[in-house]
1. Could you state the angle between the C-alpha long axis of helix 225-261 and the longest principal axis of the C-alpha atoms of the chain, as a value from 0 to 90 degrees rounded to the nearest 10?
2. Quick check: pseudo-label points 7 Å beyond the Cα along Cα→Cβ at Thr261 and Arg142, how many nm apart are they?
3. Please work out whether the chain counts as rounded, prolate or oblate from its C-alpha gyration tensor, where a ≥ b ≥ c are the square roots of the eigenvalues and a/c under 1.5 means rounded, while otherwise a/b larger than b/c means prolate and anything else oblate?
4. Using helices alone, what [θ] at 222 nm do you get for the chain, with -39,500 (n - 2.57) per DSSP H run of 4 or more residues, divided over all residues and rounded to the nearest 500?
5. Calculated FRET efficiency, Glu231 and Asn183, Cβ-Cβ r, R0 35 Å, to nearest 0.05?
6. Within the accessible area of the chain, what % is carbon and sulfur when the probe is 1.4 Å and the other protein chains stay in place?
7. List the residues whose amide H sits under 5 Å from the amide H of Gly66, counting only those 5 or more places along or on another chain, with H placed 1.01 Å from N in the peptide plane.
8. Tell me, what HN-Hα J-couplings in whole Hz come from the Karplus equation 6.51 cos²θ - 1.76 cosθ + 1.60 at θ = phi - 60° for each residue of segment 105-117, using x for Gly and Pro?
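The values are calculated or read from the model by the stated rules, or taken from the named source; none is laboratory data. From a predicted model like this one, the values you see are computed outputs, not experimental measurements. For neighbour counting, all protein chains shown are included, and Cβ atoms are generated from backbone atoms with ideal geometry for every residue, glycine included. Note: areas computed on protein heavy atoms with side chains; ligands, DNA, RNA excluded. Shrake-Rupley method; radii C 1.70, N 1.55, O 1.52, S 1.80 Å.
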Amino acid sequence: MRFDLTAEQALIADTVRDFAETELYPHEDLVERLDEVPPELARDIRAKALAAGLYAPNMPAELGGGGLDAVGVTLVERELGRAGYALQMLVARPSNILLACQGDQIDTYLLPAIRGERHDCLAMTEPGAGSDVRSMRTRAERQGGEYVINGTKHFISHADLADFVILFARADAGISCFLVDTNAPGLTVRRGSQCVSHRGYHQCELIFEGCRIPAKQLLGVEGRGFELMGEWLGASRLTVAAASVGRARRVLDMAIAWAATRKQFGRTIGSFQGVSFALADLVCELEAAELLTLRAAWKQDNGGMTDQDAAMAKLFASEALGRITDQAVQVFGGMGLMAELPVERFWRDARVERIWDGTSEIQRHIIARSLLRAVS
């Protein structure tokens with residue numbers, strides 16, 4: 001068993017890290033202040049990501065994507081995760097659900113998403129259906145050659161920038177998946193509540209009021225939406241884990257540098273055990289989180305990543321990020337809470353990682369269920 005990266009994997013990580021540091025970091029303060037990415041800046045970053053070959057790394061090479069395996073994609077997510085979501089999402093990774101496209105859907109949705117011409121968002125959560133997705137009430141009723149959709153979705157990330165929605169709704173045969181253009185009559189997209197995490201990366205509400213779409217925009221088979229959802233959730237939880245590792249690495253490096261130079265009582269604060277031992281514990285947590293995450297990706301490439309693998313990576317990495325950012329604030333002291341430094345932003349941004357794509361409690365449920373099934 002090898003734990004080092006191949007030359008190709010190291011090159012991928014270095015290339016993406018350099019892109020993040022050069023093209024994303026310089027704009028973080030602006031996005032934080034405006035709570036949005038100016039459209040001209042977004043176009044510029046997307047164009048540079050396309051030119052650098054960083055766009056759609058999770059998609060097959062024969063379709064125009066990067067063709068990376070799970071470990072490669074995880075390394076990309078780790079390095080992009082160092083930057084805020086509002087900026088890193090411009091280096092787009094279309095949802096893997098789109099690989100289920102068939103017929104006209106391929107040319108209308110899948111290929112344009114890979115080329116960066118159209119952008120997707122995914123709509124699952126509702127005001128009354130968060131962790132309990134089976135209780136969703138948005139309904140798609142078949143009427144001849146169309147589906148008529150009614151209901152509300154919320155906490156839908158970057159729907160204000162998307163060209164189409166990958167929508168999960170209840171149909172006659174059960175929960176199903178649909179492709180809905182954001183300009184479809186009967187669909188209203190509006191900004192939702194303002195979140196303290198990841199400013200500029202907006203959460204939106206989608207209101208469907210008699211929204212009619214052609215029946216051919218059903219993705220996959222009616223009533224089989226949970227199968228598509230499961231494929232997406234495993235990949236998305238691995239993405240959260242990888243991004244948490246990247247962001248934790250960046251903020252821990254900042255805390256170490258501060259501890260090595262900040263002086264109190266005539267000594268650098270890193271020379272005090274109260275600080276140095278805390279940093280030692282945090283780097284152990286970070287290394288463990290990275291190993292769990294890369295192991296899950298490796299298993300996906302070699303025989304199959306289980307729900308438990310993805311849940312363990314997401315749970316541990318997101319919670320490690322929370323502890324690392326909190327301790328970083330403590331190391332920086334009062335300055336850690338000042339807007340002049342980015343530490344407080346990392347601290348705020350870290351909090352949401354334990355909630356979206358399945359709360360920490362849901363991850364523990366998945367892990368415990370897997371353990372108990374093995375002996376029941």
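1. 20
2. Once both label points are built, they end up 6.5 nm from each other.
3. Because a/c hits 1.5 or more and a/b exceeds b/c, the chain counts as prolate.
4. Working: 11 runs with 168 residues, N = 376.
Helix contribution divided over all residues of the chain: -14500 deg cm²/dmol.
5. E between Glu231 and Asn183, to the nearest 0.05, is 0.80.
6. Details: 9210 of 17280 Å².
Percent of accessible area from carbon and sulfur atoms in the chain: 53.
7. Asn58, Met59
8. Rounded to whole hertz, the list is 4, 5, 7, 8, 10, 5, 5, x, 5, 5, 7, x, 8.
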